[in-house]
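Comments concern the structure below.
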Amino acid sequence: MAKRGWRNSRKRRDRLLIIAEMLETAKEGALKTPIMYKANLSFTQLNEYLSYLLEIKFLETITKDEEMIYKATSKGLEYLRGYMKIRNLLKK
């Protein structure tokens, strides 16, 4: 019973999950809008997270056909693998 209460007491997503969702979307490269929708963020939140992820080198930008594409770096992919591993351990 305690486990169920703990699990249900936290409805909001945490920053680690949001970062993982953004990196998952940007694995092969993505524009801002798909990242925003798939991570369910406002435009303001998106820009804050993008700035942070670029600063810590989890994302890089590539300009293609005058569009800014965000792509997960090897460091970002390493984070994503670790996040998924922990998530899977907690499901067991």
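In loop segments of region 3-92 as defined by DSSP, the GluC sites (Glu not before Pro) with at most 13 further C-beta atoms inside 10 Å of their C-beta are 28, 66. Evaluated with a Cβ-only charge set (Lys, Arg +1; Asp, Glu -1), region 13-84 carries a dipole of roughly 200 debye about its Cα centre, given to the nearest 20.
Each value in this text was obtained by applying a stated rule to the coordinates, not by laboratory testing. None of these values were measured; they are calculated from a predicted model. Virtual Cβ from ideal backbone geometry, glycine too; neighbours counted across all protein chains shown.
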